[in-house]
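Down below is the structure, laid out as structure tokens.
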Amino acid sequence: MYGRKMESQDLALTMTGPAPERDDSRAESAQALERAMAGDRAAFDELLRCYERRVLMTAWRLLGSKEDAQDAAQEVFLRLYRHLHRVDPQRPLLPWLYRVTVNVCHDLRRKRRWDTAIPVEEVDPARLTADPAGEIARAEQKRMVAAALQTLTEKERAAVVLRDIQGLSTREVAGIMGSSEVTVRTRIWLARVKIKKFVERLEKRRS
Amino acid sequence: MNWPDFERLIALDVEGDLPEPQGRAVAEHLRACNSCQQFAESLKISQALLKELGQEPLDEPMVQEVRRRVRNGLASAMPQRVFPGWRLAWGAGLIAALVLAVLTLRHHSREEATQVVAEKSTPASAPLPSASKIENGDSKIGARSAKSVPAARHSSINPREGMRPASILPAPSVAGTLKRPRAAPPGEFSSGSLRASAEAQHLQPLTVKLITDNPNVVIYWLVD
């Protein structure tokens, strides 16, 4: 029905992560998970190496800061360790990790009392470019989009990060966020339009 | 369809989030509408940039730092083990607490019922100046009643006049069972006999009519 729909059990296999990691086939990670549940530290380390980049990338895009993303990723894996008994080894671990990542980032934001969204007017386009006289480089545009992400509401940002950056299907995002698919789709289209408009406005202000 | 609808549809269609029929309709519309085409094009550009954010390599030191922190944290973060019988133990404890609470409540309500009966049996004597004269010698009840009724409430009654229950009208079936004690002089009656009667009626509503020596003062006591 939908172009990008994926079955949840295939999630671990078909995820388009930020960088090619180790071959985290589902069976392998399930075995590692079972061993970790039995108290095998090496198996937990295996899980850590398997998922750390995805968790870190998600946290980075949700929080907008690498340092905070490190804190969040650390907390996510420590929660995984503490709650290993709650994880079903027969199901892919990644959706669980994404859910915890979103929650941890939410908690972190709340703890540090950040605003949910930064108003567009507060973003200084001059700070986004290192080359004010030259053309807009791709890297600068990406920085604009990254800044645009921080202008979204928390739920819009989570939806669009999971859907467009992490490449999950709408159904999977809905499952992770505990919302309906319709709600997720609404957040996604709103977020996409906002990002597009934000980038356009920044470019206009800069020119 | 108006512009916001198209904006929504295009924003979803650009990543294939629309069902097939709607996607086709959007594609047809885009062929005919220039402004929508432009909108879709710029949306595709921002979406491409957004996706590239996910492809950006993470610094290796950053990843290693997280790994190091997690490994250090594992020492202090003990995994929470599930004890096989903990649910059962909690359940049993909960049930025991519930049973205890019910028993306590029942006991408490019984005590209260006894008190109510005692209080029902004494009110007629409480406001009377002659309340101290209790025939059955139930000094406990007499004392409680005398304490619980404020004196100001009966200030209009001349204590010297005294009063007596003229009629006690319980539920019709037992109306005749309550009588003024024969031996008691006017203004005095036996609280003990009243109490016994009230108990006999199983706490049915009572209407107590008290007539004082003053013909202008008649008191009705409605006891629920």
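Some observations on this one:
- Accessible-area loss of 30 Å² or more (1.4 Å probe, protein heavy atoms, chain alone versus all protein chains) is found in the range A:54-91 for A:LEU56, A:MET57, A:TRP60, A:ARG61, A:LYS66, A:GLN70, A:GLN74, A:LEU78, A:TYR81, A:ARG82, A:HIS85.
- By accessible area with a 1.4 Å probe, ligands and nucleic acids excluded, highest first: order of A:MET177, B:MET62: A:MET177, B:MET62
- Heavy-atom accessible surface that A and B bury in contact, both chains counted, 1.4 Å, Å² to 100: 4700 Å²
- Cα-Cα over 24 Å, subset of A:LYS111/A:LYS204; A:LYS155/A:LYS204; A:LYS155/A:LYS197; A:LYS66/B:LYS44; A:LYS66/A:LYS204; A:LYS111/A:LYS142: A:LYS111/A:LYS204; A:LYS155/A:LYS204; A:LYS66/B:LYS44; A:LYS66/A:LYS204; A:LYS111/A:LYS142
The values are calculated or read from the model by the stated rules, or taken from the named source; none is laboratory data. Everything quoted here is computed from the prediction, not taken from an experiment. Side chains are part of the model used for accessible areas, which takes the heavy atoms of the whole protein and leaves out ligands, DNA and RNA. Shrake-Rupley method; radii C 1.70, N 1.55, O 1.52, S 1.80 Å.
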